[in-house]
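Only one structure is covered here, and it is reproduced in the block below.
The values are calculated or read from the model by the stated rules, or taken from the named source; none is laboratory data. Treat the numbers as computed from the prediction; the structure is a model and nothing was measured. As a convention, Cβ positions derive from the backbone with ideal geometry for all residues, glycine included, and neighbour counts pool all protein chains shown.
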Amino acid sequence: MTYLDPKLKRRTVLGGALSLGALAAGTTLSGCRTSKNTPTEPQVNDVAMPDFVEYDGVKPDLPATAEGAPAGFTAYPEDPKPSVTEAPLDGASMTLMTNIFNALPTPKGQNAAWKAIEKGLGGTLDITIVPATDYPTKFQTTIAGKNLPDAMLLDTTTVDDVPRFLEATCADLTPFLSADKVHDFPNLAAIPTIAWEECVHGNRIYGLPIPRGVTGGAGFVNATMLKEAGVSSPSGVDEFFDVCTELTAPKKNRYAIINSKGNTFLTPLFLLHGVPNSWRLEGEALTKSYETEEYAATLEFALKLIKAGVMVPGSDGIDGQTRKNYFKQRKAAFVYDGLPAMPDYRNSMKGQDVQPFVPAGDDALVWADNIVFGQSVLKKADDDRIRQLLGVANYFAAPFGTAEHLLINFGVEGVDHQRKKGVPTITPKGEQELTAPWTYFTAPKEAIFDPDADYVATYHKAINTMVPMAVPDPVSNITSPTEDKVGSKIAKALTDVRDDILAGRATMTEWEPAVKKWREGGGDKIREEYEQALAGA
Amino acid sequence: MSTRVPPADIRPSTRPPWMEKDGPILLGAKIIVLVVVCLLVLYPFANIIGTSLASEQEIIRRNGLVILLPSEPTLAAYKSIFAGGVVTRAMMISIGVTLVGTAVNLVATVLLAYALSRPILGGRFILMTVLLTMLFGAGLIPNFLLVTALGLSNTYAALIVPGLISAFNFLVLRNFFQNIPDELVDAARVDGAGDIAILTRIVLPLAKAPLAVVTLFYAVGHWNSFFNALLYLDSSKWPLALVLRSIVLQGQPVGGEITPSIGEAVPSIQGLQSAVVVVALVPILLVYPFLQRYFTQGVLTGAIKG
């Protein structure tokens, strides 16, 4: 047993506790500290993004788009080609900390897929696996303990001053990836620019993106139920209301919309009404979504729907699992859920025509709100080590159709998957092994893959309709110190009032005063900072 | 001369009213209340067991409410849990940590409690220090730094050493030891017994009830603990509680289920989650009945200062 490290004096312990407090209250200190990267003034991030070089090694059945809509595939190449020519680790080891949404995988020693990946990397890969709900706690303790892994998933929910944290702790990847420098890592270059933009902090590239499908969508619709009720997918707000009332038949235990905790049903309504994605930019003037007429109109419309009784009774208090079950039981035709839930609904609702709901109408739009799942950051190290770790990232970003992608997602053939009519089908052993969360380090651009050509076509068409409509957040690449400090707190206070209105605990007359309070609590200051940055760009 | 005892029906009752025999109406009312309470307690158990044996389609059809036996029972959820060896290994780890940890905890707690039950030099200072830990904790980060500095990171000792002595269990035992008559100890000392012999041959045999209680508290604490394992252990060393928790929380995004998982596909796994709950409960249900008779007696004995 080792004895207490003599360096662990009272000051070190207090320092560790204070470091966490400093992170949480980092914004009060950031103003006092000068650093070359940490912004105390708002700024537009204009660092040169990594060049985008499309991977052309596999021809898709349905093409991807430059805006980021994924390609569609109905088959996996029989003989996938490797995209990485040199094992990046070269005998070295790497530690990674990231989250997991599934059950724990088979440990490395018995995991054929993990061993094969290590062979491909040319070294050892140790992953600290943390359940997603516990990741913020683990992240905090890891940072406070100053025992960082080589790479880790960045958790911004527990860090108030992200640029300062990154500057102090993580490697600046700009010299390695900016502009044409990314050509050294061709798989990283195949990640769309829109995903890289999410990884810029303090005008430097710190993150490695985990791309998603650009938009989270507007939920799903059970087209079979619409057909049975004699209605079609609505276009515009008024038609939506009419369709909902036609669908609703309480005596048959059938309704139009399933809500859930947090009033998730609001998102499709926002999109139908044209509520902007966080902020609206007109000229040089910014308006927050809460302040727009469209937002207030959506709340009025929501109250109208609630009064008409088109929502599953009691669904405003249910959790996500129950929401899914209700939809699968055909309790209602419309539900809001993320687009990646599509395979689960499709598998559980055979015989039902479940489609992504595409908002239609003159005012309709979708938000570019699912550009990345998150991003990983690398611990500070010398240039050679950073290149080595970027080589590993390049490995895991191997595009669909490559040998590395097949191994990462389907494991070892004959052990983790079998080829059935050319389609890799995961075996029971594979289901145990492939939950390992290496896809939460970095990942390639998404691809739609299913042997059912109709499903791929339907999903591809929906995504390709929505992505061009996707409205970006105009300030996503701007850092606002006030937003970092108080943004989430004042937003929560406002959405609490919104939820009270929808629950009947407050009236619409309280909405405007609540918005005014948001402005006074920091909203105006945030707007001022963003506008200042935009004007100076 | 023998004393005749009058018949019970004319014998004046000196017993408290609640110990009197109940009339039929009151007895019937008590039975009904107890049956209702039992059903309310057993209902969630029945639901969980039924759901764990049901297929996904039946769970969805019944909206998660499958009481007792489903119409198409299946062991798929249990097979899924025990496939891959992760849960089996975690169970072995939990058993090992519980057995070793409880034994170490008991030894340390008994020694400290006995030592402080007798007047010793500096005893009051040590007692106040132990009691202070009941009131104040250092917090998450200082504890983490301490355990890391002690070199216990990624070792099973990180699950045992930081909570070696529970102040509450210490008090239970100390109070009991204080109530042991000094005459017994003095008599043993006169016979030549040392402190260890007095402890092992005289004190501990009298302390079976509080020892059983403290053992149960430590054992259940070790069996259910997951947070320290999350902080200090690699996933290959996770105990059962943490592995099962990760299965139960599958698909849960950070911050809970307030907004849909926009970016991640969340499968329906209610059957799996219910099977996990059953697996976690079974060992405790097996052990507890053997210690139950000591439980109430031990807690009360330790809690009441003589």
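B:ALA187: over 27 Å from B:LEU291 (Cα atoms), crowded, with 20+ Cβ neighbours inside 10 Å and of a type in the set (Gly, Ala, Ser), yes or no? Walk me through it before giving the result.
On the way: over 27 Å from B:LEU291 (Cα atoms): yes; crowded, with 20+ Cβ neighbours inside 10 Å: no; of a type in the set (Gly, Ala, Ser): yes.
When the stated conditions are applied, B:ALA187 does not pass them.
Part of a helix (DSSP H, G or I) and among the basic types (Lys, Arg) - does that describe any residue in segment B:114-123?
Of the residues in segment B:114-123, the ones part of a helix (DSSP H, G or I) are B:114-117, B:123.
Filter again for among the basic types (Lys, Arg), leaving none.
Within segment B:114-123, not a single residue is part of a helix (DSSP H, G or I) and among the basic types (Lys, Arg).
Every residue in segment A:137-161 that is in contact with an Asp or Glu (Cβ under 7 Å, 6 or more places away or on another chain) and either among the polar types (S, T, N, Q) or at pLDDT below 90 (or both), please. It would help to see each step written out before you state the result.
We begin by selecting, within segment A:137-161, every residue in contact with an Asp or Glu (Cβ under 7 Å, 6 or more places away or on another chain); these are A:139, A:160-161.
Passing the criteria: A:ASP160, A:ASP161.
Among the residues of segment B:154-166, how many are touching a helix residue (DSSP H, G or I) at 6+ places or on another chain (Cβ under 8 Å) and either at the interface with another protein chain (Cβ under 8 Å from one of its Cβ atoms) or not in a loop (DSSP other than H, G, I, E, B) (or both)?
3
Suppose we keep only residues that are among the hydroxyl-bearing types (Ser, Thr, Tyr) and part of a helix (DSSP H, G or I) within segment A:110-140. Which one would you say is surrounded by the most Cβ atoms within 10 Å (Cβ to Cβ)? It would help to see each step written out before you state the result.
Going through segment A:110-140, the residues among the hydroxyl-bearing types (Ser, Thr, Tyr) turn out to be A:124, A:128, A:133, A:135, A:137.
Filter once more, so that each one left must be part of a helix (DSSP H, G or I): A:133, A:135, A:137.
Values: A:THR133: 19, A:TYR135: 23, A:THR137: 17.
Filtering segment A:110-140 for residues that are among the hydroxyl-bearing types (Ser, Thr, Tyr) and part of a helix (DSSP H, G or I), the one surrounded by the most Cβ atoms within 10 Å (Cβ to Cβ) comes out as A:TYR135.
Conditions (1) away from chain A (no Cβ under 12 Å); (2) farther than 28 Å from B:PHE227 by Cα; (3) crowded, with 18+ Cβ neighbours inside 10 Å, marked per residue:
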site	(1), (2), (3)
B:ASN63	no, yes, no
B:LEU68	yes, yes, no
B:PHE82	no, no, no
B:ALA103	yes, no, no
B:LEU112	yes, no, yes
B:LEU135	yes, no, no
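Does any residue of segment B:179-201 turn out to be closer than 21 Å to B:GLY101 by Cα, in contact (Cβ under 8 Å) with a residue 40 or more places away in the chain and β-branched (Val, Ile, Thr)?
No, every residue in segment B:179-201 fails to be closer than 21 Å to B:GLY101 by Cα, in contact (Cβ under 8 Å) with a residue 40 or more places away in the chain and β-branched (Val, Ile, Thr).
Mind counting the residues in segment A:254-265 that are under 17 Å from A:ASP238 (Cα atoms) and modelled with pLDDT under 95? Working first, answer last.
Quick first cut of segment A:254-265, residues under 17 Å from A:ASP238 (Cα atoms) only: A:256-257, A:265.
Okay, now just the ones that are also modelled with pLDDT under 95, so A:265.
Residues flagged as under 17 Å from A:ASP238 (Cα atoms) and modelled with pLDDT under 95 within segment A:254-265 amount to 1.
Does segment A:217-226 include one or more residues that are out of contact with any Asp or Glu (no Cβ under 9 Å at 6 or more places or on another chain) and without any contact (Cβ under 8 Å) to a residue 40 or more places away in the chain?
No, the conditions are met nowhere in segment A:217-226.
Among helices (runs of 4 or more DSSP H) lying entirely in segment A:424-503, which contain 2 or more residues that are in contact (Cβ under 8 Å) with a residue 12 or more places away in the chain and within 23 Å of the chain's Cα centre (by Cα)? First the steps, then the outcome.
Values: elements: A:428-433, A:453-469, A:488-503.
The helices (runs of 4 or more DSSP H) meeting that bar are A:453-469, A:488-503.
Scanning for something surrounded by fewer than 22 Cβ atoms within 10 Å (Cβ to Cβ), within 14 Å of chain A (Cβ to nearest Cβ) and among the charged types (D, E, K, R), does segment B:213-236 turn up at least one residue?
Yes: segment B:213-236 contains one or more residues that are surrounded by fewer than 22 Cβ atoms within 10 Å (Cβ to Cβ), within 14 Å of chain A (Cβ to nearest Cβ) and among the charged types (D, E, K, R).
Filter the helices (runs of 4 or more DSSP H) completely within segment A:286-374 down to those with at least 3 residues that are at pLDDT below 90 and at the interface with chain B (Cβ under 10 Å from one of its Cβ atoms).
Details: elements: A:293-308, A:320-328, A:342-348.
In segment A:286-374, A:320-328, A:342-348 are the helices (runs of 4 or more DSSP H) which contain 3 or more residues that are at pLDDT below 90 and at the interface with chain B (Cβ under 10 Å from one of its Cβ atoms).
Got at least one residue in segment A:88-109 being assigned to a helix (DSSP H, G or I), within 14 Å of chain B (Cβ to nearest Cβ) and not aromatic (Phe, Trp, Tyr)?
yes
For residues that are more than 22 Å from the chain's Cα centre (by Cα) and on the phi > 0 side of the Ramachandran plot, scanning just segment A:61-109, find the one that is surrounded by the most Cβ atoms within 10 Å (Cβ to Cβ).
The initial filter retains those residues of segment A:61-109 that are more than 22 Å from the chain's Cα centre (by Cα), namely A:61-63, A:73-95, A:105-109.
Next, from what is left, pick out any that are on the phi > 0 side of the Ramachandran plot: A:90-91.
Working: A:ASP90: 11, A:GLY91: 8.
Result: A:ASP90.
Report yes if some residue within segment B:166-174 is touching a residue at least 12 places away in the same chain (Cβ under 8 Å) and of a type in the set (D, E, K, R); otherwise report no. Quick ask: steps written out before the conclusion?
Looking only at segment B:166-174, we keep the residues that are touching a residue at least 12 places away in the same chain (Cβ under 8 Å), and these are B:166-174.
With the extra rule that they be of a type in the set (D, E, K, R), the set shrinks to B:174.
Yes, because at least one residue in segment B:166-174 is touching a residue at least 12 places away in the same chain (Cβ under 8 Å) and of a type in the set (D, E, K, R).
For segment B:44-56, does any single residue satisfy the condition of being more than 22 Å from A:THR322 (Cβ to Cβ) and either within 14 Å of chain A (Cβ to nearest Cβ) or not in a loop (DSSP other than H, G, I, E, B) (or both)? Before you say what the answer is, go through the steps one by one.
Within segment B:44-56, the subset more than 22 Å from A:THR322 (Cβ to Cβ) is none.
Scanning segment B:44-56, I find no residue that is more than 22 Å from A:THR322 (Cβ to Cβ) and either within 14 Å of chain A (Cβ to nearest Cβ) or not in a loop (DSSP other than H, G, I, E, B) (or both), so the answer is no.
Mind listing whichever residues of segment A:124-174 are within 25 Å of B:ASN143 (Cβ to Cβ), more than 13 Å from chain B (Cβ to nearest Cβ) and of a type in the set (Gly, Ala, Ser)?
A:ALA168
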